[in-house]
Amino acid sequence: MNFEFTDNEIEINHEVSVRSNSEPTVVDNQLNDTTIGKRAKALQYMDLANVVYVAISSLGAVALVNRKACDILGYSENEIIGKNWSENFVPERFKDQVIPLSHNPLTNETELAKHTEFPLLTRDGEERIMLWHHKVIDDDDGKTIGYLSSGEDVTDLRKSEEATRKSEMEYRFLFEN
């Protein structure tokens, strides 16, 4: 899978092979100088945002990540690219929620869950709760070849909300008794 960038869109050309250990990997790295420049510029923009960006192929292989994703996960870009997203970076109990795509047989279209919330599993085993926004990536024929997701780390917010709920419950208990 390689990426071509224009001012308003990201185009992904899908070409994935399978490693001997059955992990998908990106194999098409023959990008011309113009595409490399556009890719670098797009990655710079993605790195400005304080959110995770990840592009995942229809086979589940990570095709693109930004620096924030690497920082949160605790891996280098080279350690993430080509790995199966759900098998390597999502806790077991959430794996069925990872792929936000579903096929609608009535319209014969791929539908996307616009927003999801599930944690990422970091290198050291910590779970970081992420609020995700998804966008389907189609090829020129309209076939879905993957999706681009942005994720905001809401771990501290969720912990704060839980602490507030707990404090309110304790206060009510003391006040009512």
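Just so you know, all these numbers are worked out from the coordinates, no wet-lab data involved. Owing to the predicted nature of the structure, the values given are computational and were not obtained by experimental measurement. When we count neighbours, we look across all protein chains shown, and the Cβ atoms used for this are built from the backbone with ideal geometry, even at glycine.
Sorting ILE72, ILE56 from the fewest to the most surrounding beta carbons within 10 angstrom yields ILE72, ILE56.
Taking other C-beta atoms within 10 angstrom as a stand-in for reagent exposure, LEU48, LEU174, LEU43 fall in the order LEU174, LEU48, LEU43, fewest first.
Over 23 Å between Cα atoms: which of LYS83/LYS159; LYS41/LYS68; LYS41/LYS135 fall into that group?
Check vs 23 Å cut-off fails for LYS83/LYS159.
Here each label is just a point 7 Å from Cα along the line to Cβ, and for ARG67 and THR164 those points are 3.2 nm apart.
Each residue in PHE175, PHE118 was given a count of other beta-carbon atoms within 10 angstrom of its own, and listing them fewest first yields PHE175, PHE118.
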